[in-house]
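Values quoted throughout were computed directly from the atomic coordinates according to the rules given, and no laboratory measurement underlies them. Here the structure is a predicted model, which is why all the values come from computation and not from measurement. Reconstructed Cβ throughout: ideal geometry from the backbone, glycine too, with neighbour counts over all protein chains shown.
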Amino acid sequence: MPKLSPSSYALQLSAASTLTKPLRCNLPTLSHFNYIDYSNFYEPSDDTFLMCDALSLDMPSNSPKRILELGSGSGCNIVHAACLCSPEICFALDVNPLAVEATLKTWEANEIEGVEFTVHRSDLLGEGTEAWWPSVDCVIFNPPYVPTPDEEVGGEGIEASWAGGEDGRKVIDRALPDIWKLLKVGGVLYMIVVDDNKPLELINKHSEEYGVEGSVLVRRQARNEFLSVLKMVKTR
C-alpha cells in the first residue's frame, strides 16, 4: 500500500473535523448504571460517543455480519453497533471482569433481538480467540490511549481502560497484528486515537507491513485533547 503523506493526512484531519457536535442519535440506554458502578469500569465519555457517531456515519454502508468489540467497558459501543446494522453475531471482550458483567447488562437492558451475542473476559485477543480467525467483518476498539509510564499498563481493573504506556501505544501496538489476523479481507477496524499516539506513523506502519488502508473518519476536540476515529481496512 502507498504511504499516506503528511499533506494528505492533514486534509483528512480537516475533513474529519467538520462533525463538531455529537450526533447522540439512538444511543443505547445506560440507565441501569449509577455512579458507583462507574467506579468499577469505564464510564461512557467523549471517546465513546465519538465512536458511536463514527459507527452511525459509516457502519450501515458496510453491513457487517460479525462484529467484535475489544475492550467493551459499559457495552455502549457494541450495543450501538448491533442496533445500527442487525448483524448475525456480536462478540465482546474485556480484561476487566466487572466490565464483562456491565456489557452483558447493557445488552440485556436494550432488548436486542435476533442477534447472537457472547461476551468473555480476555486480555485483548487472548487464548481461545484463534478459532475466530479470520472470520470477523468489523472490530471496534477504544484502546487505552493515554500516555503513561509502561509499568502502569497491564492491570485488570478500571486502569486498564486508559493506561497506554509510551506514546499511548503499548496496548495498541500489541493488539493490531492479531486484529489483522481476526478480520476477513475487506474487514474494517474502527479505532479511537489521540494525537499523542502518532496516528500518521501508525497508519503508514500497518499499511506497509500488513496491507491495511487507513484514514481518519471523524475527529473532535474533547477538553485538552483531539480524539479521532481511524477507519482501517484489511486489503489482503
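For the chain, what number of Lys pairs, 8 or more residues apart or on separate chains, have alpha-carbon atoms under 21 Å from each other?
For the chain, the number of qualifying lysine pairs is 23.
Of all GluC sites (Glu not before Pro) in segment 150-181, which ones are in loop regions per DSSP and have a Cβ with at most 14 other Cβ atoms within 10 Å?
Numbers: sites: GLU151, GLU152, GLU156, GLU159, GLU166; in loops: GLU156.
Hits after loop and neighbour filter: GLU156.
Would you mind getting me the FRET efficiency between GLU209 and HIS32? Use the beta-carbon distance for r and R0 = 35 Å, nearest 0.05.
Numbers: r = 42 Å, r/R0 = 1.20.
Calculated value: 0.25.
Multiply the residue separation of SER63 and SER5 by 0.36 nm, subtract the distance between their alpha-carbon atoms, and state the gained length in nm to one decimal. Display every interim value, and only then the final one.
Details: separation 58, 0.36 × 58 = 20.88 nm, distance 2.99 nm.
Separation in residues times 0.36 nm, less the Cα-Cα distance, equals 17.9 nm.
May I ask what percent, to the nearest 5, of DSSP beta bridges between residues of the chain are antiparallel? Mind showing how you got there, number by number?
Numbers: 17 of 38 bridges.
Beta bridges within the chain, antiparallel portion: roughly 45 percent.
Would you calculate the convex hull of the Cα atoms in the chain and tell me its volume per residue in Å³? Before the final figure, lay out the partial values.
Numbers: hull volume 27.4 nm³, N = 236.
Normalising the Cα hull of the chain by residue number yields 116 Å³.
Per residue of the chain, what 222 nm ellipticity follows from adding -39500 (n - 2.57) for every DSSP H run with n ≥ 4, rounded to the nearest 500?
-10000 deg cm²/dmol
Just to be sure I understand: with springs between alpha-carbon atoms less than 10 Å apart, which residue in ALA102, ALA82, ALA16 has the highest mean-square fluctuation in the Gaussian network model of the chain?
ALA16
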